[in-house]
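Down below is the structure, laid out as structure tokens.
Read the figures in this text as sums done on the coordinates, not as results from a lab. If you're wondering where the values come from, they're calculated on a predicted model, not measured in any experiment. Cβ placement follows ideal geometry from the backbone for every residue including glycine, while neighbour counts extend to all protein chains displayed.
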Amino acid sequence: MAMQPNSADGPVLLRLDGVTKVYHLGDGVDVHALRGVSLDVVAGEFVAVMGASGSGKSTLMNLLGCLDRPTEGAYVLEGRDVSRLSRNDLAEVRNRTMGFVFQSFNLLSRTSAKENVELPLLYAGATGRERKERALASLERVGLADRAHHHPNQLSGGQQQRVAIARALVNQPRILLADEPTGNLDSRTSVEIMALFQELGRSGITVVLVTHEPDIAAYATRVVVMRDGRVVDDRRQAPLAAVPPPPGDPDEAGGAP
Amino acid sequence: MNPFVTFRVALRALMRNKTRSGLTMLGIVIGVSAVIAMVAIGEGAKVKVAQAFDAMGTNLLMVHSGSSTGGGMRGGAGSMPTLTWGDLAALRTEVSTVKYAAPVCQTGASLQSDEQNWTATVVGTTLDYFAIRNWGVVKGVLFTQADVDSGTKVLVMGRTTAEKLFGAGIDPVGRSIRIRGSPFQVVGMLAEKGQAPMGQDYDDTVVMPVSTFRTKIQGGLGNFIPGVVFVGATSASTTSRAQRDIEDLLRDRHHVQAGIENDFSVRNLSEVASASQQGTQIMTTLLAAVAAVSLVVGGIGIMNILLVSVTERTREIGVRMAIGAKPRNILAQFLVEALTLSLIGGLVGIGLGILTAQQLAATFQWPLLLRTDIILLAVGFSAAIGIVFGMYPAWKASRLDPIDALRYE
């Protein structure tokens, strides 16, 4: 009973068509994490995926992020069916097309912000000079150019998440996948991060965000609600503008690490 | 990803945990340095043994008298004199492969100078003895053939004996000493010779004409030589033939029937030397094998730490995979980490091994012999260990599922 969203402009960036995912736990126990999901996402959309735990939203995220392959159904990304690619090919798709942002930031410890941001470029085969320039540009974009040589433990939670976003953006991806990106941040820092996502959306990057907080989902242009492995609600909305934090010392604009 | 970048990524990962990386390396360091030091010790010992045998004499054969058998007891070689002065003369003149032959009669005796008493080995021999043993005087002269012919009471003295009797740095030439009541004149001091293979001091001796020895020190039985005969073969390659020739000659002269045991024995010192060298070689191999085992243990240490590291860095691996690392990138990273650990460990081990070998060589006063092939082998071996023992953890890391890895707590 998936509802069709209101029409949106622009080309379809990704399309899920009747996607299911079954985990075989052995002893004949099968878990149906997704029971037939069809979804079109248009380039530049800011999609919030909501749902209770066990609703299949994480599985959906993993499939969208090419970290996993569907049991049945097709996943067409930029006009190419990626649902049956090998591990190596999926790694390449992730490297070129995706940016990942995690709840716990997942930065490499004892490694400077710049080097963390450079990581995807290492696997893309960029030259040293190119890596440096693009990493610094990416840090600049998230407002952390002056923190390039800080290590994660010298940065606040909000700053760490910004570094993670810079890392996700460094390879100029089409899609940014964020799994509870504000789960470890205080509300003020969360708004900052959401403002950043909205800005990225306006620049043409498609953002897909998993959250269970309705006030975070309010910043998205589209909300998809999952339950029991199915999409039960899918609507476009006028997003709430993320109000930039009041001017102050940027060092204090952090959250819990 | 090019190898240089892979190496940098690995190096950075190792630098993030310096203590652990250092301790892991230690296993390889100890292994490699042990191999290098042990082999150097073995080689040094081999050369030392060779030097000791060289000091005994060049192309040396020793002819001993037969053994006495009485009352069911066998006295051992030399216990019954069977070699005659005639045999000695025949050896010198009739055997083409024999260049020198000298009787060596020796006993311990008390020597008295004006100041001191000292007991040393007294040797009675002929001039051939000095030729066989490549031995000369550093002060004074050797006694002469005329002295041997007429039994003059002269002698040459080893350095240790001279020091004991007259004090260090005193020239003994021209002094006189008493042995068994007879006065002897010191005509020369012998060059320093060092230690015998079994540890006796070659320099604690006096050497006099054999004729003098027989009249003044120890008589013996008329025709028979109360000692052994040193024989110098014409060259190193003829020692074995000289041994057979001597046996043939003496069997003939002693009328030993075919099938009857020799009533004398000929020992080839180069054979004894090579047997002794073989013993040293076996010891060296054993030591190196034990050291190599420690190298393998070091490799297991690397595997152990890498396995822990893979588990600990599961999330890191997940992140790397999510942002585009292929399984082979992860495999390469951990393999290169293992290789870096083992190679750096190997290089440090070489340094430490050479230092240890130097210390040991200095302590034992052995020549320092570093074998380049062993050093290269040790490094190659440690690199191979890095790859072999790094393979399993690296493979494990590369097989991780990115989703599970990202979720790993």
What lysines could a cross-link reach from B:Lys99, if we take a straight Cα to Cα line under 24 Å and drop same-chain neighbours fewer than 8 places away?
-> B:Lys193
Hey, can you grab everything whose amide H is under 5 Å from the amide H of A:Gly99? Only 5+ residues off in sequence or another chain; H modelled, so Pro and N-termini drop out.
-> A:Ile175, A:Leu176, A:Leu177
To the nearest 0.05, what FRET efficiency results for A:Arg96 and A:Arg35 with a Förster distance of 41 Å applied to their C-beta separation?
-> 0.85
Residues with amide H under 5 Å from that of A:Leu240, placed H, sequence gap 5 or more = A:Tyr219, A:Ala220
Over chain B, what is the mean sequence separation of C-alpha contacts under 8 Å (at least six apart), divided by residue count, expressed as relative contact order in percent?
-> 29 percent
Label-point separation, B:Arg180 to A:His149 (7 Å along Cα→Cβ), nm = 9.0 nm
Which shape class applies to segment B:83-262: rounded if a/c is under 1.5, otherwise prolate when a/b exceeds b/c and oblate if not, where a ≥ b ≥ c are the square roots of the Cα gyration tensor eigenvalues?
-> prolate
In whole Hz, the Karplus estimates of ³J(HN,Hα) for segment B:402-409 (6.51, -1.76, 1.60; θ = phi - 60°; x where Gly or Pro) are x, 5, 4, 5, 5, 8, 4, 9
Do the sum for chain A: with -39,500 (n - 2.57) for every DSSP H run of n ≥ 4, divided by all residues, what is the mean residue ellipticity at 222 nm, to the nearest 500 deg cm²/dmol?
-> -9000 deg cm²/dmol
Angle in degrees between helix B:327-364 and the longest Cα principal axis of chain B, rounded to the nearest 10 = 20 degrees
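Roughly what % of DSSP beta bridges within segment B:83-262 run antiparallel, to the nearest 5?
75 percent
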Return the calculated 222 nm mean residue ellipticity for chain B, to the nearest 500 deg cm²/dmol, obtained by summing -39500 (n - 2.57) across DSSP H runs with n ≥ 4 and dividing by the residue count.
-> -18500 deg cm²/dmol
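Subtracting the Cα-Cα distance from 0.36 nm times the residue separation, let me have the gained length for B:Ala109 to B:Arg371 in nm, one decimal.
On the way: separation 262, 0.36 × 262 = 94.32 nm, distance 4.57 nm.
Stretched fully, the B:Ala109-B:Arg371 segment lengthens by 89.8 nm.
Which of the trypsin sites (Lys or Arg not before Pro) across segment B:335-405 are loop residues per DSSP, with 15 or fewer other Cβ within 10 Å?
Answer by residue number: B:Arg371, B:Arg399.
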Given that compact globular proteins tend to follow 2.2 N^0.38 Å, what is the ratio of the alpha-carbon Rg of the protein assembly as shown to that value?
-> 1.73
B:Asn17 to B:Thr119: extension gain in nm, 0.36 nm per residue of separation minus the Cα-Cα distance?
-> 30.1 nm
Find which of B:Thr280, B:Pro81, A:Leu136 sits farthest along the positive direction of the dipole of the protein assembly as shown, computed with +1 on the beta-carbon of Lys and Arg, -1 on that of Asp and Glu, about the Cα centre.
-> B:Pro81
Hits among lysines - C-alpha to C-alpha of B:Lys216 under 21 Å, sequence gap 8 or more where chains match = B:Lys153
Calculate the spin-label point distance for B:Val308 paired with B:Leu249, positioning each point 7 Å from the Cα along the beta-carbon direction, and give it in nanometres.
-> 7.3 nm
What is the antiparallel percent of DSSP beta bridges lying wholly in chain A, to the nearest 5?
-> 60 percent
With R₀ set to 35 angstrom, the calculated FRET efficiency between the beta-carbons of B:Thr238 and B:Phe364, to the nearest 0.05, is 0.55
Between the helical axis of B:85-94 and the dominant principal axis of chain B, each derived from Cα atoms, what acute angle in degrees is found, rounded to the nearest 10?
-> 60 degrees
Which angle between 0 and 90 degrees, to the nearest 10, do you get for helix B:3-15 versus the longest principal axis of chain B when only C-alpha atoms count?
-> 90 degrees
Nonlocal amide H pairs with B:Ala101, under 5 Å, H built at 1.01 Å | B:Gly232
When the C-alpha atoms of segment A:12-242 are aligned to their principal axes, what extent does each axis show, in angstrom, from largest down?
-> 51, 39, 36
Cα-projected label distance for B:Ser150 with A:His24, points at 7 Å along beta-carbon direction, nm | 11.3 nm
Dividing the alpha-carbon radius of gyration of segment A:162-201 by 2.2 N^0.38 Å (N being the number of residues), what value is obtained?
-> 1.14
For segment B:377-383, in residue order, the Karplus 3J(HN,Hα) values (coefficients 6.51, -1.76, 1.60; θ = phi - 60°; whole Hz; Gly and Pro = x) are 4, 4, 5, x, 5, 5, 5
Under the Karplus relation with 6.51, -1.76 and 1.60 and θ = phi - 60°, whole-Hz ³J(HN,Hα) for segment A:128-144, x at Gly and Pro, equal x, 5, 4, 4, 4, 4, 5, 5, 5, 4, 5, 5, 4, 4, 9, x, 10
